[in-house]
Amino acid sequence: MKKYTYTDKKDTRSGFGAGLLEAAQRNEQVVGLCADLIGSLKMDAFKKEFPQRFFQVGIAEANMMGIAAGMTIGGKIPFTGTFANFSTGRVYDQIRQSIAYSNKNVKICASHAGLTLGEDGATHQILEDIGLMKMLPGMTVINPCDYNQTKAATIAIAEHAGPVYLRFGRPVVPIFTDPNQKFEIGKAWIINEGADVSIFATGHLVWKAIQAGEKLADMGIYADIINIHTIKPLDEQAVLQSVRKTGCIITAEEHNRIGGLGDSIAQLLARTNPTPQEYVAVNDTFGESGTPDQLMKKYSLETDDIIAAVQRVIARKNK
Amino acid sequence: MAELKQLQQMASQVRRDIVRMVHGCQSGHPGGSLGCTDFLVALYFHTLKHNPKFDMDGKHEDLFFLSNGHISPVWYSVLARSGYFDINELATFRKLNSRLQGHPTTHEHLPGVRIASGSLGQGMSVAIGAALTKKLNQDDGLVFSLHGDGELQEGQIWEAALYASHNKVDNLISTIDVNGQQIDGTTEQVLSLGNLHAKWEAFGWDVLAMNGNDMADVVRVLELARSKTSKGKPIMILMETIMGNGVDFMMHTHKWHGTPPNDEQLATALAQLEETLGDY
């Protein structure tokens with residue numbers, strides 16, 4: 001079993017900011033749009049280095065999505081930046097018609113996703129965004145797990161033709177992936193191998209899955225731990241290969257149980273290889289105010305919740 | 001540059017196409033299409049610098065975005081008669097497997113269409129985006145957009161209006177089709193728009209007025225609008241039209257917003273519209 005450690009912690013949104021700057025340095029067609037949240041989205045460095053390629057749209061997200069769609073006509077690669085809630089639910093029809101249906105090369109970059117936004121409460125803590133975005137035909141949906149992966153993903157989506165939803169967050173979390181990684185859209189990352197259970201995790205839950213894996217090993221349970229950073233298109237081969245070995249699975253995500261990563265995998269398995277599955281996800285409810293740690297505990301998204309889910313699903317497999 | 005007479009002949013033929021298209025599939029929106037015919041004919045056959053050998057990026061061309069996508073019949077007819085695709089394809093309008101969808105899309109790769117529209121209020125933002133890219137690319141082409149007056153009830157339009165003046169998007173010429181009609185009645189009855197001239201001026205636009213059913217005035221005002229670009233303000237043309245213009249029984253009512261004529265009504269309509277260039 002591979003051991004993962006970290007020496008530093010950073011927010012994934014800072015990975016986006018660093019990735020955007022590098023993507024813009026590599027490709028002059030990259031432009032950035034922001035709806036009055038430059039600091040929150042960590043777009044300051046990009047704005048400073050490329051003031052002519054930065055567009056402040058004000059608190060007008062619908063207009064931002066339309067402008068981004070229009071800017072692709074003539075070859076620009078627009079990255080829009082606002083909170084996940086205002087990047088999806090608020091502007092769903094604009095994304096649907098002007099970006100997804102029109103197949104425009106827009107990168108919708110969404111910070112403060114999920115409960116870990118914290119104290120602002122449920123109005124800002126969207127837990128439905130993965131579902132909303134993955135249902136749009138042609139939309140790529142990516143939810144990276146740490147600073148390095150978010151930076152690499154940001155650079156990768158600039159090189160990908162077509163609309164992308166990139167989801168990241170506010171809290172500082174351990175940095176445990178390779179700083180020089182090459183991010184491959186749609187290619188799952190096998191974190192650890194084991195034959196007893198598969199744990200498919202995305203976003204902030206990946207580190208918690210790694211920690212759960214270590215505790216489980218101490219209990220004599222060996223988990224296949226797989227980072228599904230790209231929820232759509234799903235790496236079906238990686239999922240099926242793991243499931244053939246383990247025969248039971250956990251999905252872990254900071255999202256509503258309905259419509260997220262868990263449902264994507266459940267649908268794949270229902271079609272191909274029905275398998276006992278437990279969800280570590282928010283149980284079809286809104287969030288609330290609190291610190292990120294308090295919220296992750298209250299809504300059962302902690303390492304111990306993954307371990308409990310593993311024990312339940314192994315019991316079901318052995319029935 | 002086409003002569004006025006030629007533009008009027010084209011408009012008559014386009015109006016025939018519109019009523020025949022909506023009759024052919026027994027659906028679609030003749031009223032606004034007929035009202036905007038003179039505008040779109042003048043735009044495509046006189047004003048726009050465009051290339052019917054369609055390229056999505058349209059570099060160094062003028063671009064047009066139709067935001068009120070339901071008047072697709074007039075746009076499709078004008079595109080076909082400009083040479084973007086064969087006029088016989090107009091017969092497939094709204095039918096299964098057609099590139100001529102009920103509302104314009106890029107999904108079926110119809111030449112001439114650069115964005116999907118239909119859900120209202122989005123086209124001005126898209127046009128602004130295209131105009132910004134032209135500026136970044138140092139491309140002196142202009143961007144035109146057309147909107148319905150009922151569409152101004154969508155909030156996104158006003159977000160776009162603020163943005164364009166604040167950021168001096170002065171390579172954009174937007175036009176509102178002021179026909180005073182929407183599905184549930186007149187705009188006055190449904191949700192009145194107030195003084196549009198004062199509103200757009202207050203939003204920082206250079207505002208022009210035009211009689212959208214007088215070809216000479218349309219040509220004149222579009223040229224005037226072009227002369228006002230690159231002066232620090234986006235241009236707004238408030239275009240008064242009569243919904244259903246050219247077919248007497250379709251005029252002055254919202255009844256023909258989204259209703260096709262039956263056989264008898266089609267014959268009456270076509271009798272009022274000279275076949276100038278040959279039906280498809």
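Data table
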read-out	value
Residues that are touching a Ser or Thr at 6+ places or on another chain (Cβ under 7 Å) and within 11 Å of chain B (Cβ to nearest Cβ), drawn from region A:26-43	A:LEU33, A:ALA35
Subset of region B:203-250 [among the hydrophobic types (A, V, I, L, M, F, W, C), assigned to a loop (DSSP other than H, G, I, E, B) and within 18 Å of the chain's Cα centre (by Cα)]	B:ILE242, B:MET243
Test: residue in region B:142-156 that is over 18 Å from the mean Cα position of the chain (by Cα) and within 12 Å of chain A (Cβ to nearest Cβ)	yes
Lone qualifier among A:ALA238, A:ALA212, A:ALA217, A:ALA266 - being surrounded by 24 or more Cβ atoms within 10 Å (Cβ to Cβ), part of a helix (DSSP H, G or I), more than 15 Å from the chain's Cα centre (by Cα) and not assigned by TED's automatic domain parsing to the domain that holds A:ALA68	A:ALA212
Qualifying residue in region A:106-113 (condition: out of contact with any Ser or Thr (no Cβ under 8 Å at 6 or more places or on another chain) and either surrounded by fewer than 23 Cβ atoms within 10 Å (Cβ to Cβ) or more than 23 Å from B:LEU132 (Cβ to Cβ) (or both))	yes
Qualifying residue in region A:189-201 (condition: crowded, with 21+ Cβ neighbours inside 10 Å, within 23 Å of A:GLU128 (Cβ to Cβ) and under 12 Å from the mean Cα position of the chain (by Cα))	yes
Residues located in region A:273-319, provided they are crowded, with 16+ Cβ neighbours inside 10 Å, over 21 Å from the mean Cα position of the chain (by Cα) and in a loop (DSSP other than H, G, I, E, B)	A:THR275, A:PRO276, A:GLY290
Segments classed as helices (runs of 4 or more DSSP H), wholly inside region B:21-124, with at least 2 members that are under 23 Å from B:MET10 (Cβ atoms) and either at the interface with chain A (Cβ under 10 Å from one of its Cβ atoms) or touching a Leu at 6+ places or on another chain (Cβ under 7 Å) (or both)	B:37-42, B:72-82
Sole residue being of a type in the set (A, V, I, L, M, F, W, C), surrounded by fewer than 21 Cβ atoms within 10 Å (Cβ to Cβ) and touching a strand residue (DSSP E or B) at 6+ places or on another chain (Cβ under 8 Å), chosen from B:LEU162, B:LEU136	B:LEU136
Residues of region A:65-97 that turn out to be closer than 16 Å to A:TYR165 by Cα, within 8 Å of chain B (Cβ to nearest Cβ) and among the hydrophobic types (A, V, I, L, M, F, W, C), as a count	3
Boolean, B:ASP170 is within 19 Å of A:GLY70 (Cα to Cα) and more than 14 Å from chain A (Cβ to nearest Cβ)	yes
Qualifying positions in region B:227-242 - in contact with a Ser or Thr (Cβ under 7 Å, 6 or more places away or on another chain) and not β-branched (Val, Ile, Thr)	B:LYS233, B:PRO234, B:MET236, B:MET239
Residue that is nearest to the other protein chains (Cβ to nearest Cβ), among those in region A:98-108 that are within 8 Å of A:ALA69 (Cβ to Cβ) and outside any helix (DSSP H, G or I)	A:SER102
Selected residue [at the interface with chain B (Cβ under 9 Å from one of its Cβ atoms), touching a strand residue (DSSP E or B) at 6+ places or on another chain (Cβ under 8 Å) and of a type in the set (Phe, Trp, Tyr)] from A:PHE46, A:PHE55, A:PHE16	A:PHE55
Selected residue [surrounded by fewer than 22 Cβ atoms within 10 Å (Cβ to Cβ), under 27 Å from B:ASP62 (Cβ atoms), at pLDDT 95 or above and hydrophobic (A, V, I, L, M, F, W, C)] from B:LEU270, B:LEU191, B:LEU266, B:LEU196	B:LEU196
Some residue of region B:81-97 being without any contact (Cβ under 8 Å) to a residue 40 or more places away in the chain, surrounded by fewer than 20 Cβ atoms within 10 Å (Cβ to Cβ) and aromatic (Phe, Trp, Tyr)	yes
Among the residues listed as B:THR187, B:THR175, the single one being among the hydroxyl-bearing types (Ser, Thr, Tyr), under 21 Å from B:HIS46 (Cα atoms), more than 14 Å from chain A (Cβ to nearest Cβ) and touching a helix residue (DSSP H, G or I) at 6+ places or on another chain (Cβ under 9 Å)	B:THR175
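The values are calculated or read from the model by the stated rules, or taken from the named source; none is laboratory data. These numbers come from a predicted model, not from an experiment. Every residue, glycine among them, receives a Cβ derived from its backbone with ideal geometry; neighbour counts consider all protein chains shown.
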